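> The structure's right below; bear with me while I get my questions together.
The values are calculated or read from the model by the stated rules, or taken from the named source; none is laboratory data. Here the structure is a predicted model, which is why all the values come from computation and not from measurement. No Cβ is skipped: glycine too gets one built from the backbone with ideal geometry, and neighbour counts run over all protein chains shown.
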Amino acid sequence: MATCTVYGTIINGKDQPVEGITINFMLAVMPSIQTSSGKAIYAGPVFCATDADGYFEKELIQSTEFIVIIASIGLKGNFVVPSATSYNLFELVAMYGTGDPAPGEPVPEPNW
């Protein structure tokens, strides 16, 4: 089965890399069977962590839908692994929070 390396970098508010952030990937649909190969995909979590440069990467099976959770930055979202050799996770998943609400608007809840 073809894979895609999903990667990204996590920094803090001072533009410094953050080491040790856990990124969890879980199948969004179970059971998950790749029709092209006829193989079932194990439903257990797949995870990785950021290195000293704040960088992470994980090979995932193309055309498979995953849920990603990065609890320490408040991210939870779904994405389908693209048919590419590599792709930035944050381009696949829309991040929560894009600034302060306008006066009088309710404060949005985290997306999880």
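> I'd like to know if region 26-45 contains one or more residues that are in contact with a Lys or Arg (Cβ under 7 Å, 6 or more places away or on another chain), assigned to a strand (DSSP E or B) and surrounded by 14 or more Cβ atoms within 10 Å (Cβ to Cβ).
Checking region 26-45: not a single residue is in contact with a Lys or Arg (Cβ under 7 Å, 6 or more places away or on another chain), assigned to a strand (DSSP E or B) and surrounded by 14 or more Cβ atoms within 10 Å (Cβ to Cβ).
> Look at ILE23 and say whether it is over 16 Å from the mean Cα position of the chain (by Cα) and part of a strand (DSSP E or B).
Working: over 16 Å from the mean Cα position of the chain (by Cα): no; part of a strand (DSSP E or B): yes.
It is false that ILE23 is over 16 Å from the mean Cα position of the chain (by Cα) and part of a strand (DSSP E or B).
> Further question: With the requirement that a residue be among the charged types (D, E, K, R) and either in contact (Cβ under 8 Å) with a residue 12 or more places away in the chain or within 19 Å of PHE79 (Cβ to Cβ) (or both), what does region 14-46 give you? Talk me through it step by step, then tell me what you get.
Step one: filter region 14-46 for residues among the charged types (D, E, K, R), giving 14-15, 19, 39.
GLU19, LYS39 - these are the residues of region 14-46 that are among the charged types (D, E, K, R) and either in contact (Cβ under 8 Å) with a residue 12 or more places away in the chain or within 19 Å of PHE79 (Cβ to Cβ) (or both).
> Right, something else. Tell me, which residue of region 48-63 that is in contact with a Phe, Trp or Tyr (Cβ under 7 Å, 6 or more places away or on another chain) and either more than 14 Å from ILE10 (Cβ to Cβ) or not aromatic (Phe, Trp, Tyr) (or both) is surrounded by the fewest Cβ atoms within 10 Å (Cβ to Cβ)?
Selected residue: ALA49.
> Give me the pairs, please: first residue somewhere in region 67-95 and over 15 Å from GLU57 (Cα atoms) and assigned to a strand (DSSP E or B), second residue anywhere and at pLDDT 95 or above and of a type in the set (Val, Ile, Thr), beta-carbon distance under 7 Å, and either six or more positions apart or on two chains.
The qualifying pairs do not exist here.
> Take region 46-66 and flag every residue that is assigned to a strand (DSSP E or B) and hydrophobic (A, V, I, L, M, F, W, C).
Within region 46-66, the subset assigned to a strand (DSSP E or B) is 46-49, 55-61, 65-66.
Passing the criteria: VAL46, PHE47, CYS48, ALA49, PHE56, LEU60, ILE61, PHE66.
> Here is a follow-up. Which residue is surrounded by the fewest Cβ atoms within 10 Å (Cβ to Cβ), if the candidates are limited to region 1-22 and must be under 13 Å from LEU60 (Cα atoms) and among the aliphatic types (A, V, I, L, M)? Working first, answer last.
Step one: filter region 1-22 for residues under 13 Å from LEU60 (Cα atoms), giving 1-7.
Among the residues that remain, those that are also among the aliphatic types (A, V, I, L, M) are: 1-2, 6.
On the way: MET1: 11, ALA2: 13, VAL6: 27.
Going through the qualifying residues, I end up with MET1.
> Which members of region 1-20 meet the condition of being part of a loop (DSSP other than H, G, I, E, B) and either of a type in the set (D, E, K, R) or farther than 14 Å from VAL80 by Cα (or both)?
First pass over region 1-20, keeping only residues part of a loop (DSSP other than H, G, I, E, B): 1-2, 10, 12-16, 18-20.
MET1, ILE10, ASN12, GLY13, LYS14, ASP15, GLN16, VAL18, GLU19, GLY20 - these are the residues of region 1-20 that are part of a loop (DSSP other than H, G, I, E, B) and either of a type in the set (D, E, K, R) or farther than 14 Å from VAL80 by Cα (or both).
> Restricting to region 54-100, count the residues that are over 16 Å from THR5 (Cβ atoms) and modelled with pLDDT of 95 or more.
Here is the first cut: in region 54-100, the residues over 16 Å from THR5 (Cβ atoms) are 54, 65, 67, 69-78, 94-100.
Filter once more, keeping what is modelled with pLDDT of 95 or more: 54.
Number of matching residues: 1.
> Given the structure, is ALA2 free of Cβ contacts under 8 Å to residues at least 60 places away in the same chain and out of contact with any helix residue (DSSP H, G or I) (no Cβ under 6 Å at 6 or more places or on another chain)?
Numbers: free of Cβ contacts under 8 Å to residues at least 60 places away in the same chain: no; out of contact with any helix residue (DSSP H, G or I) (no Cβ under 6 Å at 6 or more places or on another chain): yes.
Answer is no for this residue.
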